[in-house]
Every structure is written in structure tokens, then in C-alpha cells.
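Read the structure below first, then the notes.
The values are calculated or read from the model by the stated rules, or taken from the named source; none is laboratory data. Computed from a prediction, not measured in an experiment: that's the story for all the values here. Reconstructed Cβ throughout: ideal geometry from the backbone, glycine too, with neighbour counts over all protein chains shown. Please note that ligands, DNA and RNA were not included when accessible areas were found on the heavy atoms of the full protein model with its side chains. Shrake-Rupley method; radii C 1.70, N 1.55, O 1.52, S 1.80 Å.
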Amino acid sequence: MYRAALESEIARFENIPRALRSHPVLTRALASPRDADAVHQANLLLQQLAEETGVEALYMMDAGGATLAASNWHQPHSFIGQNYRFRPYFTDALQGSVGEFYGVGATTGIPGYFFGLHLGRETGAEGVLAAKITLLELELGWQPARDLVMVVDADQVIALASRAELKFQTLAALSPPARERLERTRQYTPMPLEPLALGRKGGQWSWQGQQYMVSEVPLPRLQWRLQLWWPSRPLYTGANLITAVAGVSLIAVVLLLLYWRQRRRYIQAQLKAKGELERKVMARTAALAASNHQLERQVQERIQAEARLRSMQHELIHINRLAALGQMAASVAHEVNQPLTALKNQSVNTLLLARRGHTTELEQSLQTMGRLVDRIARLSSQLKLFAATRRKTRGLARFDEALDNVLSWLAPRLEEQGIRLQRPAAAGLQLPMELHALEQVLANLLGNSIDALAGQPAACITLAAAPHRLCLCDNGPGIAPELLDKVTEPFFSTKQAGQGLGLGLAIVRDLVEASGGRLEIDSPPRGGARFTISWRDDEAPPH
């Protein structure tokens, strides 16, 4: 486990120099070491990569070992200008192989693992790209262990250890050639590299009065060996403990067998009771399923009855429209009679003028006949107001045109009752509803107000219109507050029997909602009734 952790920690950084060896920023700085901008860009690149990857330091050296760029260029212990040609990883990398080395930093004094990689074969300017990683966090992770964990190099120097006092000590005295080589490479400078006071008895090592057994596995990197020193005294204590535990365990097993026998009897009784309960639950579930099925059938019958009721309501609304159509036809016939008589007389005059050759008077007479025909067409167009049963009524219609068409056959009732109509100056104003639907809405609202104002002194109807809004007010008796929510229900009417079916406001509500609008009815504080229609302006109506 310790070996895998160590190898993984080193391996996850060794490919960083390989990924950077062909980077154009580094090759340009290596080829032009006197170019301050190129060197600065290399410093920034190495700093960014070191911060992102967690590397202790990234730096680039020329063929002589002088550091040209480094990730710590802005720090007090910067590698810039330092020469590391004495390090083995530099000479190995310059010769073409990957250099690896562990030692104390010559500049920072912080131990680390170094990688070196050759640069510049393509550009001609040679150098070495190096990376330094620290293994201090890995060593800190070893410290809670009761055992001693240490990494020993080929010279018997403890390079890494779980105890700080063991680090950079030796398991045996250094030979003169080894000490000379270490001083030349400054691998552990300025550490004293003193041998530990170790004792050996049988197959065990003793240190600071404690006996240890030693396990060792080789590490391929740098000819390291990973040693695990574990105290031997706890082994004997553990053996005695195991014997005691085994005896206690045997007694526990006998007790468990007795308990299991009693438990088995109890479980059998519980299973029997559970089976009885499940049978009762299944019977109850079957009864609930039958009740649920019956309830679903009743709900389906209720839905069908409501559908038939809605269909009958639509048919009655249509019948009311046709009845209103008959009433309107009588009014239109009366109004059409006069222009027809005038048209007949005008046609005789036109014939006489044509025989006498009076061209000017003949043209005027024909124009008069055209206006009479247009009046008859406007009057007859009202006959289809209540016959339409369209579902969607959203569109665009001019308010003044729709109001003029409705007043063409409601004007006699207004004059007869002496009702004053205040209409807005809304020339060219368009509302988001089809023309025939808007005419039908105006006809119903004006008709209701005319009926409500019967016998009222100074009767007045006020119309107000704006984009996406239409309002009609009268000064009649108004609507009682408790009836405001009921007046739009089909067949609800406050009129006397025989004066209406109570479908006018229901038709208005349906037409307004079919156009995407909303109808609001209230009684203002000054009296009378107010009908307000509003449409959302977030959706443009079709043209």
C-alpha cells in the first residue's frame, strides 16, 4: 500500500515535462535567451502550469545549466540565474535520457523529487526542462501510523520517513567514495548524514529501546528500498489476546446456538401470525378494489352527464341567437323599408333624367342610389350576428366600424328611451377580436344597458376604448354584489319572465374568452353597472 501510494505520487507528475517539451513559448525562449519578452512569456507559462498542476517548480535551463525561465521567477528564492549542471538529472537529460533525482534543493533547501527532459533537438538550441515535486504531504500521511515507514537509497541514506528524526540519517556509516559523490552532487547538503544507533538481536532490530521486525520491498526508481519497521512486542501480546478471544468466542458460539433455537421458534410463530394478517389484508384489498371499480363507473357516468349538459347549453345558446335573429330581422325590415321606397322613387327619377339627357343630374341620382344600397347592405349584414357559432374569435376589428354597425339598428331604441350615448374618439382603433364577434359583444352589452335604463331619468351609456381594453358603463340601477358572480351563468336573468333567456352575458363571456380576453363586471361607487374587457398584449392577433 505504501509503495503504491509513493509510485502513484511520483508518476502523476513525470509526464508534465513531456507535454511541454514542444511548446512554442518555451522553444522561442530557449532559442532567444536575450529576448526579454520571450523569457517573460515563458516565465508566465511555467508559473500558470505549476499552479494548475501542483508542481513545486517548473524551470528551463540552457545547455550550460543556467536557468533561463522558472515558475518561481517572482519569488525570493527564484531559480532564475542559478546553475544546476552539477545535478545528475541535468546531465542525464542533456544526454537524451529522462533524468530523475531526489535531493535537498540547492536554492530553497526544500527536499524534492526532480525530473529532467532534453529540449531543443528541432530548433538547434539545446536545454533541459525540469520539474520539482515535493513529497512532504505523502510523508505527513505516514506519520499517524504506529509502524516506522522509510525509504532508503542505495547509499543507506533514509530519504523519506514517517518520523522526522529518522530523515537524512543512515542505516550504516557512509563510505568515503559515497560521501564524496554525495558532496559533489550536493544531494543532501547541508544534512550531516549521521548513522542511526541501531542494535540487532536475532532477526530483529532495536532502536530507542524498541524491538522491530523489518519488511522490505524494492522500488525501481533511483534504486530505492521501502522498509516497514513494525514493533514485535505487540505481536506476542496479540497472540495471547487471540487465544483468550478464541476461548471466549467458543463460549459465545454455544450461547448463540441456544439463542438461535429460541429465536427460530419465535420466528415461526411470527410467520404464522403474518400469514393470517396477509390473508385478511388480501380480502380487504379485494373489497376495496370492487368499491373503487364501482366508484370509477359512477364518475364516468357523471362525466358523460356533464358533457351532455354542456352540449345542451350550447344548443340553447344557439337557439337564443336565432330567436334574437328573428327580433332583429323585424327591426331591420322596418329600417330597410324606407331606403327601398326611396330607391324606387330615385330609380323613376333616374329614368326620366336619362331620357332628357341631363348627365350631371343623372350622375348625382346614381350616386344617391348607391348610398341607399350601401345602407341596405349594412342593415342586412346584422342578420348574421347571432347565427355564427365559431369557437375562436381572435382577430383584428376596428372599434368605430363595429359600433356604427350595431348602432344602425339599436339607434331607434336609444332615441325612443331618450338615452344619451357617449362614445370615445377612437378613430382607427383596433381591438383583438373578429368584427362579427365584436359587434355581437357590443350589441349584447348595449342591449342589456338599454333594458336596465328603461324609465331612468337622464339615462346615459358611456363607452371607453383603448388598445387591448374596452369599457361600458351606465347609470342604471346596477347589479347587486351577491349577483355579480352569477350574471354570466347561462339562463340566469334579473329581467321579468318572457323578456329574455338569460344568455346574453353568457354569450359575451364565451366570445371574449374565445378571443383570449377577460370580462370583468362590477358596480362603481357612483352607481350603475360597469363591464370591462381586457386582452393580453403579449400575443399579436392574426391579420
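List of remarks:
- Mean residue ellipticity (222 nm) of the chain, computed from DSSP H runs ≥ 4 via -39,500 (n - 2.57), nearest 500: -16500 deg cm²/dmol
- Projected label distance in nm at Arg394 and Ala252, using a 7 Å step from Cα toward the beta-carbon: 7.6 nm
- Its Cα centre serving as origin, the chain has a Cβ charge dipole (Lys and Arg +1, Asp and Glu -1) of approximately 2020 debye.
- In the chain, the DSSP beta bridges split such that about 95 percent are antiparallel, to the nearest 5.
- Cβ-Cβ FRET estimate between Asn83 and Thr237, R0 fixed at 60 Å, reported to 0.05: 0.60
- Note on the chain: with neighbouring protein chains present and a 1.4 Å probe, carbon and sulfur make up 55 percent of its accessible heavy-atom surface.
- Once the C-beta distance of Ala19 and Arg179 is scaled by a Förster radius of 30 Å, the resulting FRET efficiency is 0.20 to the nearest 0.05.
- For the chain, the solvent-accessible area with a 1.4 angstrom probe is 58 square angstrom per residue.
- Efficiency of FRET from Cβ geometry, Leu271 and Glu126, R₀ 56 Å, rounded to 0.05: 0.10
- Here the label points at Tyr259 and Glu416, each 7 Å from Cα along the C-beta direction, are separated by 10.2 nm in the simple model.
- Each part reduced to its alpha carbon centroid, the range 434-451 and the range 82-126 end up 96 Å apart.
- Electrostatic bookkeeping for Leu136 treats Lys and Arg as +1 and Asp and Glu as -1; over the other residues with beta carbon under 13 Å from its beta carbon, the sum is -2.
- Each of the peptides 210-220, 31-41, 470-480 was scored by the mean count of other Cβ atoms within 10 Å over its residues; in descending order, highest first, they stand as 470-480, 31-41, 210-220.
- Cα gyration tensor shape for the range 148-306, rounded if a/c is under 1.5, else prolate or oblate: oblate
- Cα gyration tensor shape of the chain, rounded if a/c is under 1.5, else prolate or oblate by comparing a/b with b/c: oblate
- Lysine pair count for the chain (Cα-Cα distance under 23 Å; residues 8 or more apart in sequence or on different chains): 4.
- Overall form of the range 17-112 per C-alpha gyration tensor (a/c, 1.5; a/b vs b/c): rounded
- Taking the range 78-204 and dividing mean pair separation by its residue count, relative contact order in percent (alpha carbons under 8 Å, at least six apart): 17 percent
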